[in-house]
1. Which of the residues that make up segment 244-259 are closer than 18 Å to Y288 by Cα and either open to solvent by 10 Å² or more (accessible area, probe 1.4 Å) or part of a loop (DSSP other than H, G, I, E, B) (or both)?
2. Here is a check on your reading of the model: is Q69 open to solvent by 50 Å² or more (accessible area, probe 1.4 Å) and within 14 Å of N132 (Cβ to Cβ)?
3. Quick check on segment 175-183. Is at least one of its residues open to solvent by 10 Å² or more (accessible area, probe 1.4 Å) and touching a Phe, Trp or Tyr at 6+ places or on another chain (Cβ under 8 Å)?
4. Under the condition of being open to solvent by less than 40 Å² (accessible area, probe 1.4 Å) and not in a strand (DSSP E or B), which residue from segment 33-63 is farthest from V79 (Cα to Cα)?
5. Determine which single condition P195 fails, assuming it passes every other condition in (1) assigned to a strand (DSSP E or B); (2) surrounded by fewer than 22 Cβ atoms within 10 Å (Cβ to Cβ).
6. How about segment 198-208: which of its residues are part of a strand (DSSP E or B) and buried (at least 20 other Cβ atoms within 10 Å of the Cβ)?
7. Of the numbered conditions (1) open to solvent by 30 Å² or more (accessible area, probe 1.4 Å); (2) of a type outside the set (S, T, N, Q); (3) part of a loop (DSSP other than H, G, I, E, B), G77 satisfies every one except a single condition; which is it?
8. What's the number of the only condition in (1) at pLDDT 90 or above; (2) assigned to a loop (DSSP other than H, G, I, E, B) that T282 fails to meet?
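The values are calculated or read from the model by the stated rules, or taken from the named source; none is laboratory data. If you're wondering where the values come from, they're calculated on a predicted model, not measured in any experiment. With ideal geometry, Cβ positions are generated from the backbone for all residues, glycine too; neighbour counts draw on all protein chains shown. Ligands, DNA and RNA are excluded from the accessible area calculation, which covers all protein heavy atoms including side chains. Shrake-Rupley method; radii C 1.70, N 1.55, O 1.52, S 1.80 Å.
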Amino acid sequence: MHSFFTLLALAGLAGAATLRVPTDHATLPAAFAASAAGDLVLVEPGLYSGNLVFPAHALSVRSTQGPAQTVLSALSGSVVTFQSGQGSGTVLEGFTITGGTGTPVFLNNVQRGGVGGGVFCRNGSSPTLRGNWIHDNLAAWPAGVGGGIFAWNSSPHIQGNWIASNTAHYGGGIYLQNSNSRVVDNVVEGNSTQPAQGGFSNGKGGGLRAMWGSPVVEGNTFVDNHCHWVGSAMAFSESGTIATIDRNLLVGNQGNYPVDIAYSAHGDLSCNLLWGNTPSNTWPVVDYWSNLGGNTVADPLFCESAWPWRVEEASPCLPGQNPGGACDWIGATHASCQSVEAEETLPDRLALGPPWPNPFNPSSRVQVALPQLATVDLRLVDLRGATVRVLHNGLWEAGTHQLEIHADGLSSGLYLLVLESGAERRIRKLSLIR
């Protein structure tokens with residue numbers, strides 16, 4: 001990733017203008033209206049509400065302080081829309097994108113309540129989406145698709161994003177239709193489909209679903225995604241879909257088949273590593289996929305505090321240590337536990353890391369990140385909302401804290417980890433299997 005100062009220098013050498021929000025222009029739409037092809041829009045920290053539609057010309061839009069401090073949010077509709085054929089020279093980088101419900105469209109002979117809750121790319125628009133946190137968006141019922149990102153006849157380059165806790169009928173995290181997108185080095189975490197309702201079948205593709213086109217899904221980490229039908233991590237379907245699926249780490253995804261390839265779709269799979277997916281780590285029993293070598297089931301050896309999904313030095317995810325030794329890095333993190341230990345900066349946001357392992361028995365670990373000294377309440381509750389265990393209640397210093405959750409006295413089933421600090425709340429699902 002280019003440094004911020006390198007980007008400024010490149011913009012200056014090209015003669016492009018730099019527009020600052022809100023210093024020069026009060027809003028992003030105002031900056032867009034004042035921009036020309038090749039300009040750079042720099043966005044300072046803050047909450048920017050409303051539905052953002054990119055102009056037709058090439059434009060780079062970057063935050064100055066990163067996604068933790070720069071939020072694009074909407075109460076309804078798609079948070080960000082590209083609809084005028086933008087190419088890869090249009091860049092959206094360094095934002096939190098949250099709160100969207102998608103754009104209602106008529107798609108595949110079905111009226112959809114919403115598509116592209118976070119980001120909607122249409123009409124041949126293929127921007128670069130890089131380094132964003134795209135979370136807690138919804139593709140609204142009925143039959144919404146692409147909770148986090150939806151690309152329709154478009155091929156966005158999706159790289160280095162955290163795509164988490166989004167929901168749709170199909171493609172909870174990402175949905176690609178007639179798309180040749182490259183989906184590279186992303187963490188796709190905790191996204192889910194929707195169950196059968198109103199005549200529609202159960203949803204497929206908890207993390208990602210693709211129909212038609214030739215997408216490349218490479219070097220991503222798919223973790224804790226859920227489907228109600230098939231393809232808890234990824235689902236590919238329909239004749240004419242030819243997918244490349246390489247060096248992905250698939251861990252703890254829940255639902256039938258972590259990767260589903262069906263209805264005459266074809267997938268070339270190589271160097272993928274699976275672990276802890278439920279009910280099993282198997283591929284589907286169909287004739288439409290080719291195992292090109294190196295796919296295996298093995299413990300990735302996550303760091304003791306697993307999130308953000310970095311691994312031990314002995315991990316099979318590292319080059320030369322994976323099956324046959326022929327694969328490059330598997331997964332998105334590209335960093336070891338030692339590099340995590342070397343980081344001394346404080347967290348920049350309140351965060352509740354995913355519990356690991358999940359499902360668990362006899363114990364699971366969870367990490368809490370605090371940007372400052374705060375009173376924290378962390379408890380385990382059942383699906384009725386009743387507290388079954390208080391894990392912490394009181395002051396915690398800024399930094400990262402790890403807790404162990406033991407199965408003693410708990411029944412098998414699904415629980416929720418609920419973290420509250422001030423006005424903020426974070427929730428994670430946790431399953432106990434005896």
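1. Here is the first cut: in segment 244-259, the residues closer than 18 Å to Y288 by Cα are 244-246, 256-259.
If the condition is that a residue be closer than 18 Å to Y288 by Cα and either open to solvent by 10 Å² or more (accessible area, probe 1.4 Å) or part of a loop (DSSP other than H, G, I, E, B) (or both), then T244, D246, N256, Y257, P258 are the ones that fit.
2. On the way: open to solvent by 50 Å² or more (accessible area, probe 1.4 Å): yes; within 14 Å of N132 (Cβ to Cβ): yes.
So Q69 fits the description; yes.
3. To start, the set of residues in segment 175-183 that are open to solvent by 10 Å² or more (accessible area, probe 1.4 Å) comprises 178, 180, 182.
Pick out the ones that are also touching a Phe, Trp or Tyr at 6+ places or on another chain (Cβ under 8 Å) and you get 178.
Taking every residue of segment 175-183 in turn, at least one turns out to be open to solvent by 10 Å² or more (accessible area, probe 1.4 Å) and touching a Phe, Trp or Tyr at 6+ places or on another chain (Cβ under 8 Å).
4. So the first thing to find is which residues in segment 33-63 are open to solvent by less than 40 Å² (accessible area, probe 1.4 Å), and the list is 35, 39-43, 46, 48, 50, 52, 54-55, 59-63.
From what is left, the residues that are not in a strand (DSSP E or B) are 35, 50, 54-55.
Numbers: S35: 20, G50: 7, F54: 11, P55: 15 Å.
Looking at the filtered set, the residue picked out is S35.
5. Only one criterion is unmet by P195, namely (1).
6. Narrowing segment 198-208 to residues part of a strand (DSSP E or B): 200, 208.
Result: L208, single match.
7. Going through (1) open to solvent by 30 Å² or more (accessible area, probe 1.4 Å); (2) of a type outside the set (S, T, N, Q); (3) part of a loop (DSSP other than H, G, I, E, B) one by one, G77 breaks only (1).
8. The one condition T282 does not meet is (1).
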